1. Looking for something part of a strand (DSSP E or B), in contact with a His (Cβ under 8 Å, 6 or more places away or on another chain), without any contact (Cβ under 8 Å) to a residue 24 or more places away in the chain and surrounded by 15 or more Cβ atoms within 10 Å (Cβ to Cβ) - is there at least one such residue anywhere in the range 157-170?
2. For the structure I just gave you, tell me whether Glu53 is farther than 30 Å from Leu178 by Cα and of a type in the set (D, E, K, R).
3. Would you check if there is a residue in the range 131-143 being hydroxyl-bearing (Ser, Thr, Tyr), closer than 21 Å to Val166 by Cβ, part of a helix (DSSP H, G or I) and more than 30 Å from the chain's Cα centre (by Cα)?
4. Tell me, please, whether a residue that is more than 16 Å from Ser86 (Cα to Cα), in the same structural domain as Val97 (by TED's automatic domain parsing) and not aliphatic (A, V, I, L, M) can be found in the range 152-164.
5. Going residue by residue through the range 84-106, is there one that turns out to be part of a loop (DSSP other than H, G, I, E, B) and surrounded by 10 or more Cβ atoms within 10 Å (Cβ to Cβ)?
6. Specify the residue that is farthest from Asp99 (Cα to Cα); the eligible residues are those in the range 171-191 that are in a strand (DSSP E or B) and not β-branched (Val, Ile, Thr).
7. Only one of these conditions is not met by Lys116: (1) closer than 25 Å to Val183 by Cα; (2) out of contact with any strand residue (DSSP E or B) (no Cβ under 8 Å at 6 or more places or on another chain); (3) of a type outside the set (Gly, Ala, Ser). Which number is it?
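The values are calculated or read from the model by the stated rules, or taken from the named source; none is laboratory data. Just so you know, these numbers come straight off a predicted model, no measurement behind them. Counting neighbours? That spans all protein chains shown, and the Cβs are built from the backbone with ideal geometry, glycine included.
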Amino acid sequence: MIITENKEEAIAIGGEKKTEISPPPEKKAVGAPEQKKEIAHEEHKMLHPPGREKELEERLIRLQAEFENYKKRAARESEMIRERASAQAMLKLLPVVDDFDMAIAHIDKSPHKEFKRGIELIYSKMLDTLKREGVEEMKCLGTSFDPYKHDALRAGAGDEGRIIEVIQKGYTLKGNVLRHAKVVVGKGKEADMHEKGD
């Protein structure tokens, strides 16, 4: 066997050219980008199943609606608490108004005109203040008796079911009864005739 360092000489001596074996080129997968897209799509479907986005959107809309309702409810409750506190304060002032009513009814007998004028002025200011807060006097005399607005203290001669006398004024606060009016209710003409007969 002849040893040579030169490849070409070795080929010439051996007489045949041997092909060098090179490692096989890497096989490229046909359609690899499409496969990657499909895998990514499958992963997306697993993480975000069909209808999931719509479900999340509906949940978000529901949460927003619930939060808006909560805000409205909280505002209403806050307003109710404020109105209750206001009603309590106004209710405490009404006996003072009653005292003024009585004072003004009897003050005509007083010779002191300036004193009378001062009392009337204070009374007028107090009523204006109450009115600004939503407190109004009920107009009862001559109207039909309403158990939701009036307390009947007794019955008297007059049209049946009509208020013939107001013992204590009633007041409303923003349309709701603050204090019932204490009244005398007519018991009807037939009752009057029986009384006269007796």
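1. Looking through the range 157-170, at least one residue is part of a strand (DSSP E or B), in contact with a His (Cβ under 8 Å, 6 or more places away or on another chain), without any contact (Cβ under 8 Å) to a residue 24 or more places away in the chain and surrounded by 15 or more Cβ atoms within 10 Å (Cβ to Cβ).
2. yes
3. Checked against the condition, which is being hydroxyl-bearing (Ser, Thr, Tyr), closer than 21 Å to Val166 by Cβ, part of a helix (DSSP H, G or I) and more than 30 Å from the chain's Cα centre (by Cα), the range 131-143 yields no hits at all.
4. no
5. Scanning the range 84-106 turns up no residue that is part of a loop (DSSP other than H, G, I, E, B) and surrounded by 10 or more Cβ atoms within 10 Å (Cβ to Cβ).
6. For the range 171-191, the residue satisfying everything is Gly186.
7. Condition (1) is where Lys116 drops out.
Listed here are the residues, each with its yes/no results for (1) at pLDDT 75 or above; (2) out of contact with any helix residue (DSSP H, G or I) (no Cβ under 6 Å at 6 or more places or on another chain); (3) assigned to a helix (DSSP H, G or I).
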| residue | (1), (2), (3) |
| --- | --- |
| Glu16 | no, yes, no |
| Pro23 | no, yes, no |
| Gln35 | no, yes, yes |
| Ala40 | no, yes, yes |
| Leu56 | yes, yes, yes |
| Glu66 | yes, yes, yes |
| Asn69 | yes, yes, yes |
| Lys72 | yes, yes, yes |
| Met80 | yes, yes, yes |
